[in-house]
1. Modelling each spin label as a point 7 Å along the Cα-to-Cβ direction, I'd like the Ala64/Val41 distance in nm, to one decimal.
2. Any chance you could run the full-extension gain for Gln84 through Val49? It's 0.36 nm times the residue separation minus the Cα-Cα distance, nm to one decimal.
Amino acid sequence: MSIPASVGLNAYANAMKTVASAGKEAANPKEVGGQSFGDLVNQSVSQVVETGKASEGQSMAAIAKQGDVVNMVTAVSEAEATVQTVVAIRDKVINAYQEILRMPI
């Protein structure tokens, strides 16, 4: 199943908003780049949940014959692209962690 370009662009724009918000100044000196890594992950997961809820809402509206099927398919595709993005980022973080573990001391 191919994902429409607009869905990919929306997922990319959402990811960029999350990364851009990491540049804000923080009060805690342990935080690098203005936002702690945990806060960045929390914000990303919250965004995935919101996208999933929007997808479910569109699906329920289409099932109740109150919504447009095109909007439902677009919402589901956006949710799928968002989840794929999160999984790809998770894989990169795990790979980076494994590389750090392999470094000689």
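1. 3.7 nm
2. So the chain would gain 11.3 nm between Gln84 and Val49.
A short reminder: the numbers here are calculations on the coordinates, not readings from a lab. Just so you know, these numbers come straight off a predicted model, no measurement behind them. So basically every Cβ, Gly included, is an ideal-geometry build from the backbone, and we count neighbours across all protein chains shown.
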